[in-house]
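**Student:** One structure coming up, written as structure tokens, with questions to follow.
The values are calculated or read from the model by the stated rules, or taken from the named source; none is laboratory data. Everything numeric here is computed off the predicted structure, so don't read it as measured data. Cβ: placed from backbone, ideal geometry, glycine included. Neighbour counts: every protein chain shown.
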Amino acid sequence: MTGPAPGKIKLHNAKVFVKTSSSRTLLENAEVYIHLKGYSRARVTHIDVEHPKLNEIIPVKGGGFYRILWHPRGIEISLSRLVPGLSIIIEDPVLAKLMKPMEKSWCYVGGKAGGIFIGLKKHLIERLEKLVKDLEK
């Protein structure tokens, strides 16, 4: 499901960039959501990034495991296994608190109609859910 839905918390300050070895492009009007487990058919808490241009990188129903890295203003998904030097950067104050400086992990990036979803390891899901609780206060 794309767009707003119950259990999807929109990150209003998020900016999404596609970075190659030679450029960094802002995806205008990209929307980023934290999609909570148990709402709108979500089996686990994950991150939705919605912009049709992302389906050119990760096609619908395609996907794989990629490195997720700490970024000073958010997170970075390294897609270098797919295309050398390619990554997706999500800058947002909430996601900037998800990982510790210089931390790396693995995530699953899957294609969906109109964008991608990012599935995280258990320890990152727990941190993400804690960040959501802090947002609601």
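**Student:** For the range 1-59, which positions are over 24 Å from residue 69 (Cβ atoms) and in contact with an Asp or Glu (Cβ under 6 Å, 6 or more places away or on another chain)?
**Tutor:** Residue satisfying the conditions is 2 alone.
**Student:** When both residues are 6+ apart or on different chains and their Cβ atoms are under 7 Å apart, which pairs have a first residue that lies in the range 13-39 and is at negative phi, and a second that is outside any strand (DSSP E or B) and among the basic types (Lys, Arg)?
**Tutor:** 27/53; 37/43
**Student:** Only one of these is over 15 Å from residue 11 (Cα atoms) and over 11 Å from the mean Cα position of the chain (by Cα): 97, 121. Name it.
**Tutor:** Of 97, 121, the one residue that is over 15 Å from residue 11 (Cα atoms) and over 11 Å from the mean Cα position of the chain (by Cα) is 121.
**Student:** If you take the residues of the range 1-44 that are closer than 14 Å to residue 135 by Cβ and assigned to a loop (DSSP other than H, G, I, E, B), which of them is modelled with the lowest pLDDT?
**Tutor:** Restricting to residues being closer than 14 Å to residue 135 by Cβ and assigned to a loop (DSSP other than H, G, I, E, B), the top hit is 7.
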